[in-house]
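Here is the structure we will look at, set down as C-alpha cells.
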Amino acid sequence: MNKLIYIGLITISLLSCSSKPKETSATTEKVTSTTPAFSADSAYAYVEKQSLFGPRLPNTQAHVNCGDYIVSQFKRFGATVTEQKADLTRFDKVVLKSRNIIASYNPDKSDRILILTHWDSRPFADNDPNPANYSKPVDGIDDGASGVGVMLELARMMAKKNPAIGIDLLCVDAEDVGAPQYYQGESSEDDWCLGSQYWAKNPHTPGYTARFGILLDMVGAGGAVFYKDNVSLNYASGVADRIWKKGQSLGYGQYFRDGQGGSITDDHVYINKLAKIPCVDIINFDPNSRQGFPAHWHTIDDTMKNISKETLKVVGQTLAEIIYEEK
C-alpha cells in the first residue's frame, strides 16, 4: 500500500499533531440495532488464515493459493463470484499476473454498494528501520489481510441475512506494487493501485455503478484511529460523515475521530476519478508519525501480532450497520 501521504498537507482540524483529538459525545451514546452481530473472532480467523500463506505477491504460489482460498470462502457464503485476471505492468516493467476477486450479493438489483480492499502484499519493506530489510517482502497482515478478513465476515453475515440492496465485495490486486522509497528511476503516483485502476476501467459488470463505495485499508491494528482523508472529503464528504457518525453512535468514537487526515494515494482515488463512484477510505492514520501511518507500515513487522479483534469488530459492525440500513 503506497498510502503516499503528502506530508505538507497532513492536518488535523483544529488540533495540533502533538495532541489527541477530543472524543465527541457520540462516543458513549450507543444506539439499539437489529443488524446482525459482526463476529470479531471469525474475522480474526480469516485474517490469520491469510497469514499462513506467506506474503501474497503476484507471480508467486502463495498469491495463487491465497486467492483460491478467498474465492472458495466467498462461494461458500453464497456469493456470485467473478474473477478478473490481467497482466499488469509494474513500475520496473515486471509483468504481474494479477487477480481481482468480486463477490456479489443480490446481483439482480441495480441499486448497489461497493466495499473494497486490496489483498496483495507489499514486495518491499522499504519503511523498515533496518535497511537490510528493504528488499524483503512484507507479510501485509494489517495492510491488506485485515480488510479481507472484515469482508469475509460480512459475506458470512449476508449469507445468513440477505441485505435489501445489492452489495459487491471487491478484493483488488496489485495495489502495493509502487516503487520503493530507495528506487532511483522514474516513478509516479499511478504506479500504485494497479488492480483498482484496471477494475475502474473494466468493471466486472458493463456500465457498473454504485450508490457509494467504502475502501478498507489497515483496519485491524490495536489502537487504530480513523480520520477523514482529503480525497474522501473532496469526492464523498456526505458518505464519510455518515460512516463516522454511525461509528460514533455505536460507541466507537475513539476510533472514528472528528478530524481530517492528509491526501492519500489509495484505491479510492481511482474509484472516484475513473469509476465515478463516490468512495471513502477507512484507513488507520497516525498524525504523530513521520509517514502518517503506524510503525509496522511497510515493514517486516506487519504481522499477526498487530491484529486486534476489537478493531476488526469496530470496523465490521459499523459497515454492517451501513449495509443493512440501506433500502
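Compute the Kirkwood hydrodynamic radius of the stretch 214-327, taking the inverse of the mean of 1/r over all pairs of distinct Cα atoms, and give it in Å to one decimal.
14.4
7 Å from Cα along Cα→Cβ at both residue 182 and residue 161: what's the point-to-point distance in nm?
5.0
For the stretch 144-275, what is the convex hull volume of its Cα atoms per residue in Å³?
That works out to 142 Å³ per residue.
Could you pull out the trypsin sites (Lys or Arg not before Pro) across the stretch 111-203 that fall in loop regions by DSSP (anything but H, G, I, E, B) with no more than 16 other Cβ atoms inside 10 Å?
161
Quantify, in whole percent, the carbon and sulfur part of the accessible surface of the stretch 159-210 (1.4 Å probe; protein heavy atoms only).
On the way: 1010 of 2250 Å².
The value for the stretch 159-210 is 45 percent carbon and sulfur by accessible area.
Skip the ligands, DNA and RNA, and give the accessible area per residue of the chain with a 1.4 Å probe, whole Å².
39
For residue 130, put the label point 7 Å out on the Cα→Cβ axis and report which residues of the stretch 37-74 keep their amide N under 18 Å from it.
Within reach of a label on residue 130, which here means backbone N under 18 Å from a point 7 Å along Cα→Cβ, the stretch 37-74 contributes 55.
Compute the signed sum of charges (Lys and Arg +1, Asp and Glu -1) over the other residues within less than 15 Å, Cβ to Cβ, of residue 152.
Summing Lys and Arg as +1 and Asp and Glu as -1 gives +3.
Which residue, 263, 289, 121, has the most motion in a Gaussian network model of the chain that connects Cα atoms within less than 10 Å?
Answer for the Gaussian network model of the chain: 289.
Would you mind calculating the gained length between residue 205 and residue 303 on full extension (0.36 nm times residue separation, minus the Cα-Cα distance), in nm to one decimal?
Gain on extension, residue 205 to residue 303, equals 31.8 nm.
With n ≥ 4 as the cut-off for DSSP H runs, can you work out [θ] at 222 nm for the chain, using -39500 (n - 2.57) per run divided by the number of residues, rounded to the nearest 500? Spell out each step's value before the answer.
Values: 7 runs with 95 residues, N = 327.
Per the formula, -9500 deg cm²/dmol.
Counting only protein heavy atoms, what percent of the accessible surface of the stretch 89-154 is carbon or sulfur at a 1.4 Å probe?
50
Taking the Cβ of residue 41 as the center, what net charge do the other residues with Cβ under 14 Å away carry, scoring Lys and Arg +1 and Asp and Glu -1?
Around residue 41, the charge tally is +1.
Take every Cα-Cα pair in the chain and report what % of them are more than 26 Å apart.
Pairs farther apart than 26 Å: 41 percent.
Taking R0 as 45 Å, what FRET efficiency do you get between residue 241 and residue 59 from their Cβ-Cβ distance, rounded to the nearest 0.05?
About 0.65, to the nearest 0.05.
Out of 102, 61, 141, whose Cα points farthest toward the positive end of the dipole of the stretch 54-163 (charges: +1 Lys, Arg; -1 Asp, Glu; placed on Cβ)?
Working it through, the farthest residue towards the positive pole turns out to be 102.
Using a 10 angstrom Cβ neighbour count of at most 14 plus a DSSP loop assignment to flag exposed chymotrypsin sites (Phe, Trp or Tyr not before Pro), which longest range of the chain is free of such sites?
7-181
Do you know the relative contact order of the chain, to the nearest whole percent, from alpha carbon pairs under 8 angstrom that are 6+ apart? Kindly include the intermediate steps, with their values, before the conclusion.
Numbers: 725 pairs, mean separation 93.3, N = 327.
Dividing the mean separation by the residue count of the chain yields 29 percent.
Given points 7 Å out from each Cα along the Cα-Cβ axis, report the residue 37 to residue 326 separation in nanometres with one decimal.
Reported label-point gap for residue 37 and residue 326 is 2.6 nm.
Which trypsin sites (Lys or Arg not before Pro) in the stretch 265-312 pass both tests, a DSSP loop state and at most 14 other beta-carbon atoms within 10 Å? Provide the component values of the computation, followed by the final result.
Values: sites: 273, 276, 290, 305, 309; in loops: 276, 290.
When the trypsin sites (Lys or Arg not before Pro) of the stretch 265-312 are filtered for loop state and at most 14 Cβ neighbours within 10 Å, 276, 290 remain.
Between the alpha-carbon centers of the stretch 42-99 and the stretch 106-151, tell me the distance in whole angstrom.
Each part reduced to its Cα centre gives a spacing of 10 Å.
The values are calculated or read from the model by the stated rules, or taken from the named source; none is laboratory data. Just so it is clear, the model here is predicted, and its values are computed rather than measured. Reconstructed Cβ throughout: ideal geometry from the backbone, glycine too, with neighbour counts over all protein chains shown. Heavy atoms of the whole protein, side chains included, go into the accessibility calculation; ligands, DNA and RNA do not. Shrake-Rupley method; radii C 1.70, N 1.55, O 1.52, S 1.80 Å.
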